[in-house]
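Asks: A single structure is presented below for examination.
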Amino acid sequence: MDGSDPRARTASFLPLLPPWAVSLLAGHCCMDLYMMNCELLATCSALGYLEGDTYHKEPDCLECVKDLIRYLRHEDETRDIRQQLGAAQILQSDLLPILTQHRQDKPLFDAVVRLMVNLTQPALVCFGSLPKEPSFRHHFLQVLSYLQAYKEAFTSEKAFGVISETLYELLQLGWEERQEEDNLLIERILLLVRNILHVPADPDQDKSIDDDASVHDQLLWAMHLSGLDDLLLFLASAPAEQQWSLHVLEIISLMFRDQNPEQLAAVGQGRLAQERSADVAELEVLRQREIAARKTRALQRSNRHSRFGGSYIVQGLKSIGERDVIFHKGLHNLQNYSSDLGKQRRRVPKRRQAARELSAQRRSALNVRLFLRDFCSEFLENCYNRLMGAVKDHLLREKAQQHDETYYMWALAFFMAFNRAAAFQPGLISETLSVRTFHFIEQNLTNYYEMMLTDRKEAASWARRMHLALKAYQELLATVNVMDMSPDEAVRESSRVIKNNIFYVMEYRELFLALFRKFDERHQPRSFLRDLVETTHLFLKMLERFCQSRGSLVVQNKRKKRKKKKKKALDQPAASGSVPLSPEELEARWPALAEQLQCCPQAAELSVDSVVPFDAASEVPVEEQRAEAMVRIQDCLLAGRAPQALRLLRSAREVWPEGDVFGCEDMSPEEEAQLLKQVLLAPLPRQQGPEEHGAEEEEEEEEEEEEEELQAVQVSEKEFNFLDYLRRFACSSVVRAYVLLLQSYKQNSAHTNHCAAKMLHRLAHDLRMEALLFQLSLFCLFNRLLSDPAAGAYKELVTFAKYILAKFFALTAVNQKAFVELLFWKNTAVVREMTEGYGSLDGGSSGRRPAWSPEEEAQLRELYLAHKDVEGQDVVGVILAQLTTAPRTRKQVIHHLVRLGLADSVKDFQRKGTNIVLWTEDQELELQRLFEEFHGSDDVLGQIMKNITAKRSRARIVEKLLALGLVTERRELYKKRQKKLARSSVPSGEEPPEDFDQEDMEEEENLSGGKSEEEEEEGWGVDEGQGSTVLPTESLQQSLQQEGLSAPILWLQSCLVRVADDREEDGCSQPVPLVPLTEENEEAMENEQFQQLLRKLGVRPPSSEQEAFWRIPAKLSPTQLRRVAASLSPQEERGPLQPDAELAGPGEEAGHEAEHRAQALRALLLARKKKAGVAPPTEEGATTSGTEQLPVAPAKRQLLDSDEEQDGEERTGRAPELGASGIQRKKRLHIEDEDEND
């Protein structure tokens, strides 16, 4: 038999395997038992065997245990090794016997403990989190079932006896005698106990009632019999063993996982009178409901057959149509009629389902409860303060693992509740009874609350941690409340000091409001809401009693402090929002300013050191703040401060000397005065108006972020008013949470129902806001409560329901709209309007924006239509200046214009910043002279920018040339291209000119002053209307093809065609992202030239960080997209004159026009060759002379190609005649056809 076959090897092992291994092979016949499984089975069989009660280990037992540890280290994500070992019951049949019978073999004992720690690791730790996929969920449940079997196997006293003896011997060693291996073994033993206790109960097997022993109870009893509980108490109390404090606290928390501290403290004391009365009340409720159900069944009995019960018409209740509902059952069933009968219940998605209760308390067996009660008493007397102090120190010094503070908070809540319920002794819990503990719990509670809102994926885990923190906070308050009733004066004084501190600090008071407002039943269970309501009730009761005993209470108040900039030139007309002054009024102001300037000292004596013309803290560079400096000078002149304006002018001249914008250095006082007069009369644009107070504050916050971080909160003190604090709870989110808790009033305890009813009574009676509770869902709850047969057990709720209903019907007699208001949750403003009358808040200081009257809307519409077409004018500013009605802000006017449909978007009124500076008369004359001098050159604008004295941007010079009337269109300033010489005509040693210059490429964009994306998309329609159907992309395309990017260009072309087809079929268009799916296309999308090609084609780059892909704009029509895609085709496929052929009309005219265009192109080509110095052939000359007499198309701007665009047949024959060594890349040129009349 071949030994390489794993199945053959497995068959050879069968005679040597124990029975459990054979059953494993039989049970896993569906699994692929390859090399790992065979080796695993062989390793397990080499551990030893059990004969009777004696386990005989094999010689290689230690090595096999180490091999199993190694196998577990290399298991896959499904935890296959762990599952196979669990199915084989290795721990029950091998490891536990080795642990109990071979303890004297220390290396083997250490290895077995190490392996057992690994095998008992929690399933959540193995898989990282609860798997969502069904296959992994199956593996998770399988591992969990094996862990539950391990836990049941450890219920024997023998296993814990060996563990306790070993731990006792290790603890007997002093710190100087204890080796590193001993410390490792102690830690592994504690981890093993922790893992066994951590295994959750099996709900299918653990169906026992209270007072019955579960598997967890049997485990605790085995620990108690072995003496392990005493060792845990020693580790918790010994100062030398503080390094194990977190392990011990975790084990103790798992021991008391299902216990109730109040019930545990009452064990062995007999049944209290309060408990007996509670049981009697519960039995009475059940009895009343049973009697009511019996009466209902008696009424439903009928002598006649149900088939002859009759049919009835329910008047006033409409069916699906216009007729009344027909009821086919007896009249006694009419009260149970509902339109939802027979309908399928709507399925609630998982993400919207309410959170489930994960923890359930049960009553253990009596002997276990007695043992746990004694353990708690000893722990409080000897260990609590020392252990909690050590754990708190580990947490503060970050020596613990993540989320270990949850064990601290659980222990605080449990043992303080046990101490309060047993025999309250404040000294036993003094370590955690301080203001520092309140702060620690509040800090963690707030952190959990914020993380639950931000980390949505782990919101349920953060909610459970927040519940633990809330329970700890509740127990701290309850303990302080009990201290108030202590007969000891020192204890009451300590309680008063703690309450004075927690009531003084604002964070403790605002905590409950935040928790109510952000309560989410999808992540937080109903038990959290119950504890929150009870804690809030206790806090309010303590606060109210404290205020009544003190008379007056001073508390801390915090508010955000925002620095506001000082308003500049408050008395200036432009900045104060008044009507701008006319030129005549400005001229009238100048004589007074001139007198002030005459009284100023001379230039040398006027100090400018204290004047800074720019804002050094601004994000705008200093070079770009010249316009703001000019506005500041004008503001000073308008305010009548001429000397300050002069100092600003001279200081700005020193900062920005270029261009003599603020004058030259050797200016005389008269010239400075004349320049200031020009500044006064100039209509300078202003970037921000005073009406944008909201936007102004936002900008101030951004600019002063560092200062606000240091001074973000302003702390003050104020006298506390309990009703004002209670009024904070009068909001819909708080009321909705209380109503949600009362929905389950039958399952709630009497104390929980009392806390909810008391809070709603405070809002309705104390604050006189009964209308806040006028809500249909609450009224449905009242109806269910009043119709409950056991309503006598809920007297407080019934009384409150009758009180609210009486108030509602009293209001409906005055306000009939209250019935409609039942459908909505309300705030305090709506409550006031319901009770005092609608519109009662308009005259008050509610801060609402005044409504627009029809007259105001008519005036707004008239002003907008009158000024919207005026260029260079701020339409909103003019409207604000001319509105004669109530004062409005700029934001209100803009939003109302959009609401009226006069504007498409708020973005239409965004005011852009400006860098405009004044042109003096000399500068205008200089510009005119330079234009006349270089008018005939190839680059007019470039020559002007080189020779002009005051350096300005291209856009500013172009705008001034247009304003002076020197040019009529921007195209007149385009740089004229020179003919590209053939390579053979270029002298040796010189490089031929580049086909595509970056400056020439950006020239048109600079001349137009930069276009937005919408303008670029709209430009497609303009080009199409002008007949230019070929895009200037051939140079880029050939360059990219030479770089090996032909495939991405074809992919881009196919995407454009596909989008065109989709838009034609759907009839609508949306921006479509270009998603590269191959590595080649991804690299092309990162190429600068390819991105340049995309921009030329009109494809929009990502506009923000949220977008990752380039997008085809929605404004491109299918025709435009196909034309763009056609321009990406190779030159050989579409021909040189294909674009012009598309413009030809049907019939002969199209043919003649195409022929004329071809002849005109040849004529142009010959002229360019002559200009470049290339001798034209005779044929070309004849062609040129013939084409000069032909009519040419009307004058229009066209984009034509050079000689490389000629037909392929002519290109082959003409290349030798031109003497060119090769055809260079084609180049797009801008030319203008002459008018045929010329």
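Asks: Can you give the Kirkwood hydrodynamic radius for region 740-841, in Å, rounded to one decimal and based on Cα pairs?
Replies: For region 740-841, the Kirkwood estimate is 14.3 Å.
Asks: I would also like to ask the following. How would Thr535, Thr54, Thr884, Thr446 rank on accessible area, largest to smallest, probe 1.4 Å?
Replies: Solvent-accessible surface, decreasing: Thr884, Thr54, Thr446, Thr535.
Asks: For the residue pair Ser430 and Ala806, what label-to-label distance in nm results when each label sits 7 Å from Cα along the Cα-to-beta-carbon direction?
Replies: 5.4
Asks: Just how far, in whole angstrom, is region 540-554 from region 71-133 if you go by their alpha carbon centroids?
Replies: 59
Asks: Project the alpha carbons of region 420-501 onto their principal axes and report the range along each, largest first, in whole Å.
Replies: The principal-axis extents, from largest down, are 50, 27, 18 Å.
Asks: What are the semi-axes of the equivalent ellipsoid for region 338-478, taken as the square roots of 5 times the Cα gyration tensor eigenvalues, largest first, in whole Å?
Replies: Largest first, region 338-478 gives 35, 23, 13 Å.
Asks: Students often get this wrong, so check it: of Lys677/Lys868; Lys132/Lys457; Lys132/Lys350; Lys392/Lys471, which have C-alpha atoms separated by over 21 Å?
Replies: Listed pairs above 21 Å: Lys677/Lys868.
Asks: In 5 Å bins starting at zero, report the fraction of Cα pairs in region 914-972 per bin as a rounded %.
Replies: So the P(r) values, bin by bin, are 4, 18, 36, 29, 12, 2, 0.
Asks: As an exercise, take the mean of 1/r over every pair of distinct alpha carbons in region 37-92, invert it, and state the Kirkwood radius in angstroms.
Replies: 11.9
Asks: Give the peptides 240-250, 350-360 in descending order of average Cβ contacts within 10 Å, highest first.
Replies: 240-250, 350-360
Asks: Which cross-chain or sequence-distant (5 or more) residues have an amide H under 5 Å from the amide H of Phe327, H modelled 1.01 Å from N in plane?
Replies: It is Tyr312, Ile313, Val314, by chain and number.
Asks: Multiply the residue gap between Tyr838 and Ala360 by 0.36 nm, knock off their C-alpha separation, and tell me the result in nm, one decimal place.
Replies: 167.1 nm
Asks: Please provide three numbers in whole Å: the alpha-carbon extents of region 401-549 along the principal axes, with the largest listed first.
Replies: Computed over the Cα atoms, the extents are 50, 34, 24 Å.
Asks: Would you compute the Debye intensity of region 60-107 from its alpha-carbon atoms alone, equal scatterers and no solvent, and pass along log10 I(q)/I(0) at q = 0.32 Å⁻¹ to two decimals?
Replies: -1.20
Asks: Right, something else. Fully extended, how many nm does the chain gain between Gln443 and Arg641 (0.36 nm per residue separation, minus their Cα-Cα distance)?
Replies: Roughly 65.8 nm would be gained on extension.
Asks: Continuing with this model, one more query. In region 480-558, what is the volume of the convex hull around the alpha carbon atoms, normalised per residue and reported in Å³?
Replies: 98
Asks: Next question, about the same structure. Where the centroid of each part is defined by its Cα atoms, how far is region 317-372 from region 478-532 in Å?
Replies: 35
Asks: Let me ask another. Work out Dmax and Rg for region 162-204 from the C-alpha atoms and quote the Rg first, both in angstrom.
Replies: 13.8, 50
Asks: Suppose R0 equals 35 Å. What FRET efficiency, 1/(1 + (r/R0)^6) with r the Cβ-Cβ distance, do Glu378 and Glu181 give to the nearest 0.05?
Replies: The value I calculate is 0.65.
Asks: Here is a further query. Ile313 versus Phe819, label points 7 Å from Cα toward the beta carbon: distance in nm?
Replies: A separation of 2.3 nm, rounded to one decimal place.
Asks: Another question about this same structure. So how far apart, in nm, are the two label points at Glu1083 and Gln596 if each is 7 Å from Cα heading toward Cβ?
Replies: Roughly 6.9 nm, to one decimal.
The values are calculated or read from the model by the stated rules, or taken from the named source; none is laboratory data. On a predicted model such as this, the values are computed, not experimentally measured, just so you know. Cβ sites come from the backbone with ideal geometry, for glycine too, and all protein chains shown count toward neighbours. Keep in mind that these areas ignore ligands, DNA and RNA; they rest on the heavy atoms of the full protein, side chains included. Shrake-Rupley method; radii C 1.70, N 1.55, O 1.52, S 1.80 Å.
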